[in-house]
Amino acid sequence: MAKLLCPSMMCADFGNLKKEVTELDLAGADSFHCDVMDGSFVPNIAMGVMDIEAVRQHTNKMVDCHLMIENPSSKIDWFINAGADLIYIHPESERYVSKTLAYIKSRGKLAGLAINPDTNPLVVSEVLGLCDYLLVMTVNPGFAGQAFLPTVKEKIKVLLDMKENYHYKIIIDGACSPQIIAELSKMGCDGFVLGTSALFGQKKTYQDIMKELQRL
Ligand code: DX5
Ligand code: ZN
């Protein structure tokens, strides 16, 4: 089954963003993953509304926003208006998770939940029915180039087992190397955020890399 390949745009060359988006689109990107960080929920600041607008301008493919921000419910419209098709919120940063997921869907967009390595799936079991996508963090969010946390594999297995009762797709975010992509694809994961571990800063073209990753 074809896996969803989601380039992590925080890893892209922002000096040539139009070229990067165009090349990644042609290379077969399924969704442009835009990491939004507020320096409070995570110890970093990455992409902002203008960056999402810039990505949106150069592709008709899906644009997804990973909101690593406190109290995301107050800012959902910012990212919908910037062009997001899918918005991930963290249950660890939002008091009203089901209300916020329902709001995203009421605006005709896809709703996602991004789950930190420390968060047990049972914490979110009440809202999984509202999720179109689950973003399973396999690193502590905030920075590219970190090491994969193998303990998360058990959680992925639990979420895969629960999948038959819900409609969510499972996307893995963090240190997705070709080896990890091969292993977790075989387990049944639906897609991967591609950063420095597989896509950016490599010696091959985006086209060749994505072709190879699809074959794994
Ligand atoms: C992590 C980021 C991802 C990803 C980057 O906070 O959300 O974009 O880790 O990819 P890697 O980990 O492969 O550099
Ligand atoms: Zn992300």
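Among L159, L149, L67, which one moves the most in a GNM of the chain with springs linking Cα atoms closer than 10 Å?
Comparing L159, L149, L67 in the GNM, the peak value goes to L149.
Can you give the local net charge around D38? Use residues other than it whose beta-carbon is closer than 15 angstrom to its beta-carbon, Lys and Arg +1, Asp and Glu -1.
-4
Among rounded, prolate and oblate, which fits the stretch 125-216 when a ≥ b ≥ c are the square roots of the eigenvalues of its C-alpha gyration tensor, a/c under 1.5 means rounded, and a/b larger than b/c means prolate?
In terms of gyration-tensor shape, prolate.
Ranked highest first by the average count of other Cβ atoms within 10 Å around their residues, in what order do 81-90, 205-214 fall?
81-90, 205-214
Beyond a 20 Å Cα-Cα separation, which of these cross-linked pairs lie in this structure: K61/K157; K3/K163; K109/K169; K153/K186; K105/K155; K99/K157?
Where the Cα-Cα span goes over 20 Å, the pairs concerned are K61/K157; K105/K155; K99/K157.
If you average the C-alpha positions of the stretch 89-166 and of the stretch 6-58 separately, how far apart do those two centres end up, in angstrom?
20
Every number in this text was worked out from the coordinates using simple rules, so none of it is lab data. Values in this document were obtained by computation on a predicted structure and should not be read as measured data. With ideal geometry, Cβ positions are generated from the backbone for all residues, glycine too; neighbour counts draw on all protein chains shown.
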